[in-house]
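Visitor: Right, I'll just put the structure down here and ask away after.
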Amino acid sequence: MNTTLKSLMLTLAMLTAHAACADDPAVERGRYLVKIGGCNDCHTPGYAQSGGKVPEAQWLSGVPLGFNGPWGTSYASNLRLSAQNITSAEQWLAYARAPRRPPMPWFGLRDMSDADLKAIYAYLRSAGPAGSAMPAALPPGKTPTTPYIVFVPQEPAKFAASR
């Protein structure tokens, strides 16, 4: 079988699986949770800046903007790729609840119900892979080569003196 035919068959299989999943109530619940939970704010390029006016096909594909602080530098990962590499809902539960570096509010995921986290997983799996991997986190003291935000509160001298 030639490469073009293999590619076409794989694309058709993925589209069929995506269409079947789109009617799943868990997928719809996951879409809703992703949207209201603020996941897109950091994990979707341009989402916050556009007031949420980013096509769904681009959701959760990661942003190569670093958040730099005492922990080093962290990046909003490509959740679409991450979910494709996690092969079971149980693995997803462990992944989603694992502590993360700031500014990721991982404790919100830790406290979510299994059903809600599994719905997010169902949504991510149904959305399919998109985009590319984001930069790996950097340790403290290492300067990022990507754009980054210094995520350290600044304390004016007047405020510090009043303590």
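Visitor: Mind listing whichever residues of the range 111-143 are under 17 Å from Trp59 (Cβ atoms) and in a loop (DSSP other than H, G, I, E, B)?
Guide: Scanning the range 111-143 gives Gly128, Pro129, Ala130, Gly131, Ser132, Ala133, Met134.
Visitor: Of the residues Leu109, Leu81, which is closer than 22 Å to Tyr32 by Cα, aliphatic (A, V, I, L, M) and touching a residue at least 24 places away in the same chain (Cβ under 8 Å)?
Guide: Going through Leu109, Leu81 in turn, the sole match is Leu81.
Visitor: So Cys42 ticks every box in (1) touching a residue at least 40 places away in the same chain (Cβ under 8 Å); (2) farther than 20 Å from Phe151 by Cβ; (3) part of a helix (DSSP H, G or I); (4) hydrophobic (A, V, I, L, M, F, W, C) but one. Which box is left unticked?
Guide: Status for Cys42: all satisfied but (2).
Visitor: Let me ask something else. Identify, please: which residue in the range 89-110 is touching a helix residue (DSSP H, G or I) at 6+ places or on another chain (Cβ under 9 Å) and assigned to a loop (DSSP other than H, G, I, E, B) and is, among those, surrounded by the fewest Cβ atoms within 10 Å (Cβ to Cβ)?
Guide: Within the range 89-110, the match that is surrounded by the fewest Cβ atoms within 10 Å (Cβ to Cβ) is Pro99.
Visitor: For the range 5-25, does any single residue satisfy the condition of being out of contact with any Ser or Thr (no Cβ under 9 Å at 6 or more places or on another chain), modelled with pLDDT of 95 or more and closer than 17 Å to Leu124 by Cβ?
Guide: Yes; the residues of the range 5-25 include at least one that is out of contact with any Ser or Thr (no Cβ under 9 Å at 6 or more places or on another chain), modelled with pLDDT of 95 or more and closer than 17 Å to Leu124 by Cβ.
Visitor: Kindly check whether there is at least one residue in the range 136-144 that is modelled with pLDDT of 95 or more, farther than 28 Å from Leu33 by Cβ and among the charged types (D, E, K, R).
Guide: yes
Visitor: Sticking with this one: Which pairs turn up if I take residues in the range 90-106 that are within 14 Å of Arg125 (Cα to Cα) and β-branched (Val, Ile, Thr) and look for partners that are assigned to a loop (DSSP other than H, G, I, E, B) and at pLDDT 95 or above with beta carbon separation below 7 Å, at least 6 apart in sequence or on another chain?
Guide: Pairs found: none.
Visitor: Here is a follow-up. Consider Gln84 against the criteria (1) touching a Pro at 6+ places or on another chain (Cβ under 9 Å); (2) not in a helix (DSSP H, G or I): it satisfies all of them except one. Which criterion is unmet?
Guide: (2)
Visitor: Within the range 31-82, take every residue that is β-branched (Val, Ile, Thr) and surrounded by 20 or more Cβ atoms within 10 Å (Cβ to Cβ) and give me the one that is farthest from Ala133 (Cα to Cα).
Guide: The qualifying residue farthest from Ala133 (Cα to Cα) is Val34.
The values are calculated or read from the model by the stated rules, or taken from the named source; none is laboratory data. Every value quoted in this text rests on a predicted model; they were computed, and no experiment measured them. Glycine also receives a Cβ, built like all others from the backbone with ideal geometry; neighbour counts cover every protein chain displayed.
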